[in-house]
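Below is one structure, written out as structure tokens, with a few remarks after it.
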Amino acid sequence: MIRTKTADIRLFYGAEELHRPSRSNFYSRLDSVVGDWTQLCEPLRGAFSPLKDGRPTDPVVYFKIFLVGYLENITFDTDLAERVADSLAIREFVGYGPCEKTPDHSSVWRVRTRLSQDGNLGQVFDAVVSLCARAGLIGGQETAVDSTLLPANASLSSLRCVKTQISVQEHLRRLSEAGEKPSVSNEDFVSPSDPQARISKKGTTCPRGMYHKATCVADFKRQVIVATHVSGADEPDPEAAIPALESAKTVLESNGLKLRTVVGDAGFDDSKFHARIEQLGAVPITNYTEKTGGKPQGFTKADFTYDQDRDLYVCPRGFTLKPEGLSKGNTLYRSKRKDCAECPFKASCITGKDNRRTIGRPIHEQARVRNIARCHTPGGRKALRRRKAVVEPPFAHMKRYGGLRQLNCRGSSRVQTKLTMAAIAWNLLKLVKHAPQPVAEVIQLALGAPEQALVAICGELGTLQAALEATLKLNTRAGAPVQWFSRTQLGF
């Protein structure tokens, strides 16, 4: 027999009739893991007015609303306000009753703007990292660093020339009429809507666009993000990563840990970057590429042997190249003209107009040499293999669920706020997943015993093993089947 569902439309409902979120609900577990939200959100209080002369603007309420936006994959404030008002579980998580009016989209947008201007959201991020450290989710032995481009809320067609204020279309038309090669650079053009956005492109096949660059530092143990930073898209990865690594060092040291090993891909193969990491007291391990230079059919830099004791290069024919000055952070090593004058390989070896060979060696080249040696050790190869599984999943998750695939905000400060909020939500997800649960909750989920009895048992006996044995005896006497579970379920 088919029963037709009819709508239950009543004027009044009792409070006991409303559906209550279970203790296994994600937001309930998040509440139990974090504990004191007021203390966590205390740095945000400066962005709110101390006067009680309007609608309540509790930083805890709006911070939880922003978390919901990330966890529910909601990027627009209008959709976020509707979702908060529609869900009983989210209402209870935020602190609103079934009949209370929740904040509308204009309030959510206004508070988000205040947080971007106040800049104290980073202190909340540091507090969340401390929670992860106390839960044992951060090892502090190895960290991975990586950067990615975030599409900005700006277009190439809106660019204006800094000097003449003409549009990019007019600039290209004038170059075409003059018979010159069309070119558009970040030094000459800027976006009026987002001046911090820069012209760049992803890889070699994607077209150019407007981007911001995001850098994250993640710990190897549980992929917890320990630092973030937003920079210009045209800034090289090694330079963009230094502020994030300095922040990571400070955060780790505040939790009794150290920045020991920094692992990166070939984009961080820079001797200056390696030297800076060593100055921070850490060990860099980055993949590398052979930088040859010169003509393909002639002698390259790799064909010349560097003599560290004498500080000179030796060419394949045995002639020496001695240091002669500096240029752009490189020491220039030059050969003698008389040595190159009678060399049969002169045409394929000398690339410049000068009649002698010149080789540039970065000042911090020895730091790069040490890094290359570490890459060939078993520990270095293992760290490079694990790097992708540590720092790239957070970026993928942020882009898919955190609204970073296409930014809907402008300005580096607001992009930094969005990135920091996404990193906080990622760390809280890790905290809920890996943090040990309270004893009473673990036994309740495993055996299904009444909560009051479990709390009494745990309070009297005080240990997990004793509470477990006592609960098993109670269930056995009541005729309930004995259920066994693993150490992971118990939070060990």
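Values in this text are rule-based calculations from the coordinates and carry no lab data. None of the values given here were measured: they were computed from a predicted structure. As a convention, Cβ positions derive from the backbone with ideal geometry for all residues, glycine included, and neighbour counts pool all protein chains shown.
Observations on the structure shown:
- Summed side-chain charge close to L40 - residues other than L40 whose Cβ falls under 12 Å, Lys, Arg +1, Asp, Glu -1: -2
- Neighbourhood charge, 9 Å Cβ-Cβ cut-off, centred on R222 and excluding it, Lys, Arg +1 and Asp, Glu -1: +2
- Inter-part distance where segment 219-240 and segment 136-150 are each reduced to a Cα centre, Å: 8
- Rounded D (µm²/s) - segment 246-286, Kirkwood Rh over Cα pairs, Stokes-Einstein at 20 °C, 1.002 mPa s: 203
- For the residue pairs K201/K258; K201/K382; K163/K353; K258/K301; K64/K433, alpha carbon separations beyond 28 Å are given by K201/K258; K201/K382; K163/K353; K258/K301.
- Sorting the segments 180-188, 420-428, 98-106 by their mean number of nearby beta carbons within 10 angstrom, highest to lowest, gives 420-428, 98-106, 180-188.
- Relative contact order for segment 78-167: 15 percent, from Cα pairs under 8 Å spaced at least 6 residues apart, divided by residue count.
- What separates the Cα centres of segment 368-384 and segment 153-206 is a distance of 41 Å.
- Debye-sum result for segment 301-363 in log10 I(q)/I(0), which assumes one identical scatterer on each alpha carbon, at q = 0.12, 0.14, 0.17 Å⁻¹: -0.27, -0.36, -0.54
- Distance between the 7 Å Cα→Cβ label points at L280 and A373: 2.3 nm.
- Of the peptides 214-222, 69-77, the ranking by mean beta-carbon count within 10 Å, highest at the top, reads 214-222, 69-77.
- For peptides 272-281, 367-376, sequence by mean Cβ density within 10 Å, most packed first: 272-281, 367-376
- Segment 301-363, relative contact order in percent, only Cα pairs under 8 angstrom and at least six apart counted: 26
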